[in-house]
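The values are calculated or read from the model by the stated rules, or taken from the named source; none is laboratory data. Fair warning: this is a prediction, and the values are worked out from it, not measured in the lab. When we count neighbours, we look across all protein chains shown, and the Cβ atoms used for this are built from the backbone with ideal geometry, even at glycine. Note: areas computed on protein heavy atoms with side chains; ligands, DNA, RNA excluded. Shrake-Rupley method; radii C 1.70, N 1.55, O 1.52, S 1.80 Å.
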Amino acid sequence: MRHLYFRKKLQTVFAYVAALVFFMCVLFPAEGYAQQKNTIRVAYPIQYGLTEIDEEGNYSGYTYEYLQEIAQYTGWDLEFVQFKGDIDEQLMSAMAAVEAGEVDLMGGTVFNEELAKTYDYPSYGYGTAYTTLNVLEDNTKINETNLKTLDNIRIAVYEKAAKRNAELQQFCEANGLSPEIISFDSLKGAEDAVRDGQADAMIGNDLTPVEGMRSIANFAPKPYYFIATKGDTEIINALNAAILKINDTDPYFATTLYEKYFKDNTSKLYLSDEEQEYVQNAGTIRVGVTTGRAPFQYVDGQTGEVKGICIDLLDYISENTGLSFQIVTASDYDELMQLVNNGDVDMIAGMKYDYDTAAEYGAALTRPFITSQSVLVLNKKTGDGDLNGKKMAMVEGTVLPEGYEERVEILWYATPEACIEAVNKGEADYTYGDGYAVQYYINQSRYENVVLIPQSDQTQKLCFGVVKPADANLLSTVNKAVRSTPTETMQSIMNSNTIRPQDKVTWTEYVESNPWEVLAAVIVMAAVVIVLLAIFSRRRVRLGRKLALENERYQQLYDLSNEYIFEYNFERDEIILSEKSAQLFHSERVVKDSLSLLETDLGEGQDIDRIFQKLKKEGSIVEDIQIKMPDEKLHWLRITAKAVYDQAGKPIMALGKIMDVQQEREEKDRLVAQAQNDSLTNIYNAAACREKVDEYLKQDEDEKGGALLVLDIDHFKSINDKYGHYMGDQVLIKTAAVLKSVFREDDVVGRLGGDEFCIFIKGAGKKAMVRKKYEEIREKMRNAIQLEGRVITVSVGAAFAGKGQDFTEIYKKADAALYVVKDHSRDGLEIA
């Protein structure tokens, strides 16, 4: 049965007919009554996150949205009253207006016995504020997941904030922390102290975040309330009833608003020093993946590649943290558990975020990265939906509540698709599934015997599992990466994996299987055609008048967008620009010579003539090029165009657009550099060294080869032990600077880890050159780095690269040579 596509088409046709009949009927308004509006005036001081308004006058904020939800239950019409002055003046004016009865309500007020004498409070708060400990965003020494890093730090406090300072003291005592408290006579003084390095952290609160800082601890929760004019019991009673309804209907409503307006949703990812060290030394993380769980994780039938939402998210995490993942596939639950028990995997992808499931798999759960509604998949013959005594299909490995299998007859299947197939065939009566997975499979037309019933009170969350004993740094690093993944990135990953083309069905097949439906469709369409012909002449006149207006409207839309529209005539080599595009290039709208307009001056592979020849040959292009703009500066632009052909198939013109992608390219270059560089010394990291050397050797057609040097700082451990890790880091930084000064910019200079460095001299083939470079390193190290008169020396092993070799092969030779030097009192060079 493969005809769902045409059946949907018929349903669409009937819908159009019904709409046509509806508009041809005479509609009589029903009798009703006018309900008197109940207007509530709300004080609206402009406060970050709580009550905001943009330049266009649009309201937003936690309090604003909560009041809108309250209004759904109370029937209130809300009128927001603003006040002049800074925030303190606005708050004072707002509270005075509530006291005088000039406005009815104000939000964001913490309960206070003195204030309760002047204002009425409802019985229930509508949010919670926290005292916070804030550090600079790029402070990686302090780790929010490790309270030990808070011990002995310097905390700046505002001396007059006695209550908040007492909360800090209680927090420190409860966690056994002994910080150094530094008092200031203003909040600005405390903030400046952190920025200037006089203090490591400052006290604050989550409702007023400090720019450039992040919270590393939240404590001392305090509910905040609405306040009303004293004696206004009607409003207070309505507030109490509405807040209770909201909490009962959606217990997570307040949490959702808090995360929207106050949670740190920045896409910046900051790893602590401990986490960065873990990433550098972690090696490859093996991730167990149970296939057949589309769209989350599955094997592509055409390419054999493992794909899915989990896989794409792991790729994103790898790019942004430096973690390296290896996918280990398992065909079913039993095989996955065998991998876990044998210690063959470190993580599990696509686990249900459930503590019973975590216990079953022996894993610690990361934060969930996707939440979806559960869906009941029901066989149509099951009847009215009463599931008592019916057979349930379930995926193997699903953890069920104790005693559940005794009450329900369960049929176990390997994959969600197999469960749905069983329900479709009638082997099972029903199954439950994740909304994304169910929709992915149901989109196929062969499932005609099932109905879907969303379960509004049930959701499923997916996460990664870290196999126990779980490394806390791996868990926290993955959690931070998941939390910092931008919404648009996650949505893009989901869209690319959940959109699946439907099976194609021929018209002949459908007609043969559904003759009466087709006949009915023909009759209906004939009736529609008659009606359309009757009104066509009138519409034609009206459409003619609209055409000019539509053209003008699209021109305005083009001018308002960040895209620049153009047409290109192949025969005349002529570009026709929109008004906005002409302004961009300081040009006339019609340009006879495209090369004079788009000057690149970038050499081979970037000339405009090649791009337009490619467009003419292939029919479409998407090219990023650097264009010399009217200000004589090179700028990255993205040219997208598609050719238009005549009846003979000859390209006559092209329509295209130009987008400014300068910031995108700069960000991409920055991320590439960040991924390749060692965070301490700012030279290449180990992975980048390997990649650069292998890339060079593969392209070395003239057999120029090169020399790989592996360098160790002699007795580096004693430097750390005697002078501390800070001085040890300084020695590493200065060593990197010496190496960069000795070798060419084109050579590969990097840090492999610890005190081990590597240098690849491109084209080097003589020992004399290597010895000369070593002597230069030796001399500069003695002059540039000294600790209390102590001279820093290095040991170097070297090996030459031959044809067909790779980094690993020559590294082993150079490393062996290095150990020869170490066995002979160090401070020397050995060439393999």
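If the segment from Thr489 to Asn240 were pulled out straight at 0.36 nm per residue, it would be longer than the present Cα-Cα gap by 85.7 nm. With the charge dipole of the chain set up from +1 on Lys and Arg Cβ and -1 on Asp and Glu Cβ about the Cα centre, the Cα lying farthest toward the positive end among the listed residues Tyr726, Ala254, Met494 is that of Met494. The alpha-carbon atoms of segment 131-194, seen along their principal axes, cover 30, 27, 18 angstrom, with the largest extent given first. Between the listed residues Ala737, Ile785, Ile713, the Cα displaced farthest toward the positive end of the dipole of segment 691-801, a dipole computed from Cβ unit charges relative to the Cα centre, is found at Ile785. In this structure Leu711 has an accessible area near 0 Å², from a 1.4 Å probe over the protein heavy atoms.
Site pair Glu588 and Glu405 shows an inter-label distance of 8.3 nm when each label is modelled 7 Å from Cα along Cα→Cβ.
Under the definition of Cα pairs under 8 Å and six or more residues apart, what whole-number percent is the relative contact order of segment 125-210? Don't jump to the answer; show the numbers that get you there.
On the way: 121 pairs, mean separation 38.4, N = 86.
With pairs under 8 Å counted, the relative contact order is 45 percent.
When the solvent-accessible surface of protein heavy atoms is calculated with a 1.4 angstrom probe, in what order do Asp300, Asp151 fall, highest first?
Values: Asp300 30, Asp151 55 Å².
Output order, biggest surface exposure first: Asp151, Asp300.
Over the residues of the chain, the helix contribution to mean residue ellipticity at 222 nm works out to -13000 deg cm²/dmol, using -39500 (n - 2.57) for each DSSP H run of at least 4.
Cross-link partners of Lys230 among lysines, defined as those whose alpha carbon lies under 26 angstrom from its own and excluding same-chain residues fewer than eight positions apart: Lys37, Lys84, Lys117, Lys222, Lys245. In units of the compact-protein estimate 2.2 N^0.38 Å, segment 141-300 shows a Cα radius of gyration of 1.46.
On a 1.4 Å probe surface of the protein chains, which of Met525, Met659, Met351 comes out largest in accessible area, and what is the full order? Show your work: numbers first, answer last.
Details: Met525 105, Met659 50, Met351 5 Å².
My answer, sorted largest first, is Met525, Met659, Met351.
Exposure check, 1.4 Å probe, all protein chains in place: Lys722 carries approximately 140 Å² of accessible surface.
Rounded to the nearest 10 square angstrom, Leu584 shows an accessible area of 40 square angstrom against a 1.4 Å probe. The mean accessible area for residues of segment 259-378, using a 1.4 Å probe and ignoring ligands and nucleic acids, is 45 Å² per residue. Only Lys, Arg, Asp and Glu carry charge here, each on its Cβ (+1 for the first two, -1 for the last two); on that basis the chain has a dipole of about 1860 debye about its Cα centre.
State the antiparallel share, in %, of DSSP beta bridges confined to segment 691-832, rounding to the nearest 5. The partial results should precede the final answer.
Details: 22 of 25 bridges.
Restricted to segment 691-832, the bridges split so that about 90 percent are antiparallel.
Note on exposure: Thr415, Thr398 ranked by accessible area (1.4 Å probe, complete protein assembly) read Thr398, Thr415, with the most exposed listed first.
Note on Lys740: lysines with a C-alpha under 17 Å away, same-chain residues under 8 apart excluded, are Lys692, Lys762, Lys772, Lys773, Lys780. Counting only lysines at least 8 places from Lys425 when in the same chain, those with an alpha carbon closer than 24 Å to its own are Lys8, Lys380, Lys381, Lys390, Lys391, Lys504. For the chain, the Kirkwood hydrodynamic radius from C-alpha pairs, put into Stokes-Einstein at 25 °C and a viscosity of 0.890 mPa s, yields a diffusion coefficient of 72 µm² per second.
With contacts taken as Cα pairs under 8 Å and at least 6 residues apart, the chain reaches a relative contact order of 8 percent.
Measuring r between the beta carbons of Tyr252 and His635 and using R0 = 60 Å, the FRET efficiency lands at 0.80. Quick one: of the DSSP bridges fully inside the chain, what percent are antiparallel, nearest 5? Counting DSSP beta bridges with both partners in the chain, the antiparallel share is about 75 percent.
Taken along its principal axes, the alpha carbon cloud of segment 97-136 reaches lengths of 43, 20, 19 Å, longest axis first.
Each label was represented as a point 7 Å from its Cα along the Cα-to-Cβ direction; for Asp609 and Lys425 these points are 6.5 nm apart.
Subtracting the Cα-Cα distance of Glu65 and Glu809 from 0.36 nm times their residue separation leaves 261.6 nm of extension gain.
With an 8 Å cut-off on Cα pairs and a minimum separation of 6 or more residues, tell me the relative contact order of segment 699-832 in percent.
Values: 220 pairs, mean separation 43.3, N = 134.
RCO, segment 699-832: 32 percent.
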